[in-house]
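Inspection log for the structure reproduced underneath, given as structure tokens.
The values are calculated or read from the model by the stated rules, or taken from the named source; none is laboratory data. Please read these numbers as outputs of a predicted model, since none were measured by experiment. Glycine also receives a Cβ, built like all others from the backbone with ideal geometry; neighbour counts cover every protein chain displayed. Note: accessible area is taken over every heavy atom of the protein model, side chains too, but ligands, DNA and RNA are not part of it. Shrake-Rupley method; radii C 1.70, N 1.55, O 1.52, S 1.80 Å.
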Amino acid sequence: MNTPIRRISVVIAALFTALLVASTVVQFVQVKSLGAMAANKRTLLDNYSRERGSIIVGGQAIAKSVPVEDQYRFLRTYPQGDLYSQVTGFYSYQVGAPYGLEHASDDLLSGDSDSLFVRRITDLLTGRRTAGATLELTINAKAQKAADDALGASKGAVVALDPKTGAILAMVSHPQYDPNPISSHDLNKAANAWEKLSNDPTKPYLNRTINQLYPPGSTFKVVTAAAALETGLLSDENSEVPGPAVLDLPLTTATLPNENGRACGPNNKTTLIHALEISCNTAFGSLGLELGGEKIRAQAAKFGFGDSLTIPMRVSTSTVPPDLNAPQAAQSAIGQYEVKTTPLQMAMVAAGIANQGKVMTPYLIDSVRSANLDVIESTPDPVELSQATSPETASTLTKMMVSVVDNGSGVRAAIPGVKVAGKTGTAQHDPGKPPHAWFISFAPANDPQVAVAVVVEDGGVTGSEIGGGRVAAPIAKAVMEAVLK
Amino acid sequence: MTTTVEQLTPRTRRNSELGLLVLAIGIVLLAWVTTDLNRNGTVPANIIPIAGGFTVLVLSVHVVLRWKAAYADPVLLPIATVLNGLGLVMIHRLDLARGKLGTDGDAYRQIIWTTLGVALAIAVIIALRDHRLLRRYTYVSMAVGFVLLLLPLVPGLGQTINGSQIWISLGPLNFQPGEFAKIALAIFFAGYLVQTRDVLSLAGKRVLGFTFPRGRDLGPILVAWLLAVLILVFQKDLGTALLFFGLFVAMLYVATERVSWIAIGLLLFGVAVFFALSAFTHFQKRVDLWLDPFSPQNLERSNQLANGLWGMASGGLTGTGLGAGRPWLTSFAESDFIFSSLGEELGLFGSVAILVLYLIFCERGVRTALGVRDGFGKLLAIGLTFSVAFQLFIVIGGVTRVIPLTGLTTPFMSLGGSSLLANWVIVALLLRISDQARRPMPEIPVGVASDDPSPAEVTQVVRMS
């Protein structure tokens, strides 16, 4: 019987070989793919039980992980509650981290980033648990608070930039939400909070400064003016432009009227600077007709329209549509038709003009530190996104925008003792609703420290240009003051 | 078996066994202490009684072997010790995670079962002076085996756990009688086949190079097949059915040396499985889960296979360390999935080490079957060995996705008394047979001392044949 016993032993060896191979496949070959599966609770818990890095604004943590006595080991808390909700996002056991820096900088915060590789190796050797990196933000806490207070109960967005570097100084989007309950380890509480947030029709989780596209309305006239000056169509702010009460549009029976129904100057003519002061639709509409869609689009692109930016959150792409016919070009020139922009993009327009025509790439993370406060990535050198206009054009535009605040629709943004440049906007978006109120500005005009874009949803008054000046300009003023003081 | 080899006066190897046992106990205690250090940061307060008890328990088997079976294989006991111990460590570790401490813990019960298992093994070694005595109980074993197998079907006694009716409940105890049926049937098959092997292996027609048995000789395999089908249909337990039928076919093949029996067996079982698959959604679901354990619908239905695989993957090569992983996330982490649990915390290195320990255990079993001189002993040894190997393949193959998952216990490691007791009996039987296999042949089988049973049994074998 020994021969069949030997053969059976070969069968036994084959069975074991199968088990050894299968174990190797599971524990070596497929480790990454199995670990990456969304439903894998172990991966989730691994991430949660690691000390996630803090997010710091002005020396104060706006998101930090606090040790707790449960299986998740660390609770993510947001000491400032609502104020930074769209900046940080939340970190939930069930939902994950779909928004804000918690999402966009997850690899740094969790400690998985390649830039933390060396640290991970030393941690492995010393047996220390790898902790995530701490992010210090460019946000100015005072400006953030001022923007939040000034926006008040209104829906809308405020974003402020340092024109010289592109650093984001304030980023407020209303409505807000409290990220704490969703990040709770009380899973019922967290589920309820998420249910409430995700079903809220006003979308508080949406960062309106970078992920909501609005028609820019009259604030876009600055871009049109830049195109006219850059292409040589007009020489300076005193160049004469048409300014009838109503502009006839070719190819269509439609017309483009001024909001107040009056001409912008005697003999249906005016100057460029006056046209901007009073936000003359017919003047910029006729500039649009003369320039044509492509030139407006090209100028907008130089300010950043059409770019995909990450700050590190992904910024929605602002657009001026291609292949515009004449009436569409006229509409686009005053920021209507299909022109769509994020508040950040309009802040970049203001900042570009402030910075002698040079648009800087916006960024939110000032420095990245490891858990023991070694700097991993220091303050980035400012990166130029593009030269949107010549310094001369920029200075002409600045002069015009200062005049808007000093003599025109933007008077409520004026700060005593500081030269402020700005432009109001009132953007139609839905015939049944009041228009959005806009304001873009920068200050001080001679040495710009801050550029702001404000949009207040449904904050304007139909048929009037005063919405932007009355509702949005004071908010911009508050933010600029907070930065300058 | 040449006499020249026998004259080399084989050594008992008891001292090697003692050395290996010390190593085994050391590994288990180190694992136990590591678990507590990783979980609580302290050495467990009761380490002294646990270490002492475990050592005394295992060494007592060693002492009994020195006394009653001096030539027994020196590797079987240390391997059983380390496997049983690692199972205990994992069960204790899961207790800690679930806050089940002291006498509430599963580990407490498992320690009691281990003690009983070892005691039973000692009793078998002492009481059974020669494995050939078991031949007398061939048909008693058959009756016992069949009854045990079908016991879970008795109304009021059987318990359906996890979709399979393989448990019986006696008061507070849940029992898997199949574990003991395995031993009883191995004894029965060995006794029966050693009697009938000549008929089953010689008579028959040659077709296509294979010698096929006569129709009337198909009786036994058909009975075994029918039994497997009964288990499949009424207990819905593919694992147990596969194990018994596989055991029978393997032993039939060893007894008759005819490959045609394997072909017939595979064919019959294939038919049964095909029938079961088309008739019962229970099996279809298992196959479906096996093919795609990660699809959302299947995760909704049962995530234990996926969880076990994720657990093993999270351990990677080196494992999370004992007490530092999350094996409790997998359901049945302490029984069907104990291999995954250990794999998670000990890594691929640990999984391979455990599999290699089982492999060496089986290799020693095969060596015993090769070495023992009587046909009954050969059949019983290879049968018991094959049952351990095949059971391991069915359960670990299930959790590592080699085959569809069917509920069987992992020998020596799973939480559960019936399985532990049965496996310690298997160890005792293999130790007893290996003692016979390695013991030097008596010089002259005439006029031997009355306490040597071998010649008497040899006579008996002749009488029964």
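Listed values, structure above:
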quantity: For residue A:450, residues with placed amide H under 5 Å, excluding near neighbours; calculated: A:443
quantity: Added length on full extension, which subtracts the Cα-Cα distance from 0.36 nm per residue, residue A:418 to residue A:24; calculated: 134.8 nm
quantity: Computed accessible area, residue A:308, all protein chains, 1.4 angstrom probe, square angstrom; calculated: 100 Å²
quantity: Taking chain B and dividing mean pair separation by its residue count, relative contact order in percent (alpha carbons under 8 Å, at least six apart); calculated: 22 percent
quantity: Value of relative contact order over the range B:381-441, rounded to a whole percent, pairs C-alpha under 8 Å and six or more apart; calculated: 26 percent
quantity: List B:131, B:92, ordered by accessible area with a 1.4 Å probe, largest first; calculated: B:92, B:131
quantity: Amide H partners (placed H, <5 Å) of residue A:415, local residues excluded; calculated: A:420
quantity: Stretch gain in nm, segment residue A:7-residue A:142, where the contour uses 0.36 nm per residue and the Cα spacing is subtracted; calculated: 40.4 nm
quantity: Rg and Dmax [Cα atoms of the protein assembly as shown; Å; Rg one decimal, Dmax integer]; calculated: 41.0, 143
quantity: Cut-off 14 Å between beta-carbons: net charge of the residues surrounding residue A:307, Lys and Arg +1, Asp and Glu -1; calculated: +3
quantity: Förster radius 56 Å - calculated FRET efficiency between residue B:47 and residue A:245 (Cβ-Cβ, nearest 0.05); calculated: 0.05
quantity: Estimated [θ] at 222 nm from DSSP helical runs (n ≥ 4, -39500 (n - 2.57)) normalised by residues in chain A, nearest 500; calculated: -10500 deg cm²/dmol
quantity: Computed E for residue A:323/residue A:392 - FRET, C-beta separation, R0 30 angstrom, nearest 0.05; calculated: 0.45
quantity: Accessible-area value, residue B:129, 1.4 Å probe, nucleic acids and ligands omitted, Å²; calculated: 120 Å²
quantity: Segment residue B:136-residue B:198, length gained on full extension (0.36 nm per residue, minus Cα span); calculated: 20.4 nm
quantity: Gap separating the Cα centres of the range A:1-53 and the range B:31-75, nearest whole Å; calculated: 29 Å
quantity: Cα centroid separation - the range A:172-207 against the range B:342-391, whole Å; calculated: 57 Å
quantity: Shielding score for A:41-48, defined as the mean number of other chain Cβ atoms within 10 Å; calculated: 4
quantity: Estimated inter-spin distance, residue A:381 and residue B:300, nm [label 7 Å along Cα→Cβ]; calculated: 5.6 nm
quantity: Cα centroid separation, the range A:282-353 to the range B:266-322 (Å); calculated: 57 Å
quantity: Kirkwood-based shape ratio for chain A, expressed as Rg/Rh from alpha carbons; calculated: 1.13
quantity: Average Cα contact separation per residue, chain A, under 8 Å, 6 or more apart, as relative contact order %; calculated: 16 percent
quantity: Prolate/oblate/rounded call for chain B, Cα gyration tensor, a/c under 1.5 rounded; calculated: oblate
quantity: Ranked order, B:36, A:366 - accessible area, probe 1.4 Å, largest first; calculated: A:366, B:36
quantity: For the pair A and B, total buried accessible area rounded to nearest 100 Å², probe 1.4 Å; calculated: 3700 Å²
quantity: Among the listed pairs A:64/A:142; A:41/B:236; A:196/A:477; A:64/A:145; A:399/A:477; A:145/A:302, those beyond 25 Å (Cα-Cα); calculated: A:41/B:236; A:196/A:477; A:145/A:302
quantity: Degrees, to the nearest 10: A:141-151 long Cα axis against longest axis of chain A; calculated: 60 degrees
quantity: 5 angstrom amide H check on residue B:319, placed H, neighbours 5+ away; calculated: B:347, B:348
quantity: Between 0 and 90°, nearest 10: helix A:281-291 axis offset from chain A longest Cα axis; calculated: 70 degrees
quantity: Per-residue SASA entry for residue A:203, accessible area with 1.4 Å probe, Å² rounded to 10; calculated: 100 Å²
